[in-house]
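Each remark here refers to the structure printed beneath this line.
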Amino acid sequence: MAVTAPPAGPSRPRRASRERTNPLWPLLASPGLIWLLLFVVAPLYVVAAIVFGQIDPIFRTPVPVWNPLYWDATQFMYVLERIGPNEVYGPALIRTAVYVGIAGLLCLLIAFPVAYYVARLSGRRKGILLALLIAPFWISYMMRMLAWVNLLQDDGMVNRLLSFGGFFDASVHWLTGQPVVVILGLVYGYVPYMILPLYAGLDRLPQSTLEAARDLGADRLASFWRVTLPMCRPTIVAAVLLTCLPMLGDYFTSDMLSASPKTAMVGNLINDSVHAPGQTGQAGAFVMLVLIVTVLPMFYYVRVTSRGDEVAS
């Protein structure tokens with residue numbers, strides 16, 4: 001007597017197609033889409049209308065042009081033609097890339113061991129350590145930078161420690177355009193933004209995969225390099241983006257810890273252009289250039305995460 005097999009259940013692609021056609025998902029996504037339209041797309045269009053608009057010849061105020069058919073690229077091209085290495089804005093752009101690259105690398109070197117310890121090795125102390133990591137967000141960024149200003153003054157605590165109580169004359173002028181001070185200020189201000197995403201990603205690593213690596217003969221170091229680190233690569237990319245993208249537009253750190261043109265960044269150029277008569281369009285052009293630069297690594301992150309999802313499926 002022939003035995004008939006039970007009818008096969010719906011295939012995974014068919015279930016996925018039904019989920020995509022479910023009318024409930026667009027309804028749930030509509031608040032996020034409305035938020036993006038109101039607070040991302042609309043402000044960017046306003047910036048574009050100012051960048052490609054006109055300037056009042058008398059009051060030197062921006063006159064936005066809302067119709068794209070009448071946009072004028074004069075202000076945008078003025079900024080674009082002056083971003084070369086030997087031009088007016090080139091040094092600030094190169095300086096920003098160097099500062100953000102070094103600060104992002106230092107943040108990663110500091111944040112990854114801390115996040116790894118809290119997520120994988122802290123045990124019962126995880127809650128207390130996580131609260132301590134969140135504590136810097138309770139204090140305003142300005143107050144934290146002002147604390148460093150007091151420490152780095154000519155008669156501040158740093159010079160006192162370097163002089164060993166007066167035995168040496170260590171009167172270093174830290175707040176007079178020192179690039180290392182600006183970089184360390186960026187690291188201090190933004191390292192919590194890297195620790196928390198790294199902690200979230202490391203805490204979600206499947207323990208069964210890590211135990212399987214140990215069962216196959218890998219020691220702790222080999223398990224970390226061959227299993228843990230590749231699995232948390234999307235998390236590292238996301239943490240670096242969340243940390244470095246705000247740094248690209250930062251101007252407050254350089255103003256507080258340096259206030260010198262020798263350490264001016266792109267954010268300082270934008271801030272100065274906004275306050276200068278007739279240069280609001282140039283500030284908007286800088287904003288658009290920074291946006292273009294930041295979109296490229298975001299596309300890379302989306303590509304990395306999509307590959308990870310394909311492998312997992």
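General observations
- When shorter helices are ignored and each DSSP H run of at least 4 residues is given -39500 (n - 2.57), the per-residue value for the chain at 222 nm works out to -20000 deg cm²/dmol.
- Kirkwood hydrodynamic radius computed over the range 16-161 comes to 21.9 Å, based on all pairs of distinct alpha carbons.
- Mean sequence separation of contacting Cα pairs (under 8 Å, at least six apart), scaled by the length of the range 90-305, corresponds to a relative contact order of 27 percent.
- For the range 196-260, alpha-carbon Rg and Dmax in angstrom: 17.8, 57
- Of the DSSP H helices in the chain, those whose Cα atoms cover at least 18 Å axially and whose Kyte score averages -0.5 or more: 24-36, 90-116, 179-203, 233-248, 280-312
- Computed on protein heavy atoms with a 1.4 Å probe, the accessible areas place 257, 161, 44 in the order 161, 44, 257, largest first.
- For peptides 25-34, 94-103, sequence by mean Cβ density within 10 Å, most packed first: 94-103, 25-34
- Built amide H within the under 5 Å cut-off of residue 54, gap 5+: 63, 65
- Surface calculation, 1.4 Å probe, protein heavy atoms: residue 74 sits at approximately 90 Å² accessible.
- Protein-only accessible surface order, largest first, of 300, 45, 199 at 1.4 Å: 300, 45, 199
- Considering only Cα atoms, the convex hull volume of the range 84-216 works out to 198 Å³ per residue.
- Cα gyration tensor of the range 222-282 - equivalent ellipsoid semi-axes, whole Å, descending: 38, 13, 7
- Share of pairwise Cα separations in the range 90-305, more than 29 Å, in percent: 40 percent
- Of the chymotrypsin sites (Phe, Trp or Tyr not before Pro) in the range 113-196, the ones in a loop by DSSP (not H, G, I, E or B) with at most 13 other beta carbons within 10 Å are 164, 167, 168.
- Inverse of mean 1/r across different Cα pairs in the range 126-187, Kirkwood, Å: 13.5 Å
- Cα radius of gyration and Dmax for the range 154-231 (Å): 22.0, 59
- Residues considered: 224, 112, 39. Largest GNM mean-square fluctuation over the chain, using C-alpha springs under 10 Å, is found at 39.
- Along its three principal directions, the equivalent ellipsoid of the range 205-311 from the Cα gyration tensor extends over semi-axes of 43, 17, 7 Å, largest first.
The values are calculated or read from the model by the stated rules, or taken from the named source; none is laboratory data. All figures in this text were calculated on a predicted structure; none of them were measured in a lab. Reconstructed Cβ throughout: ideal geometry from the backbone, glycine too, with neighbour counts over all protein chains shown. We work out accessible area using only protein heavy atoms, side chains counted, and drop any ligands, DNA or RNA first. Shrake-Rupley method; radii C 1.70, N 1.55, O 1.52, S 1.80 Å.
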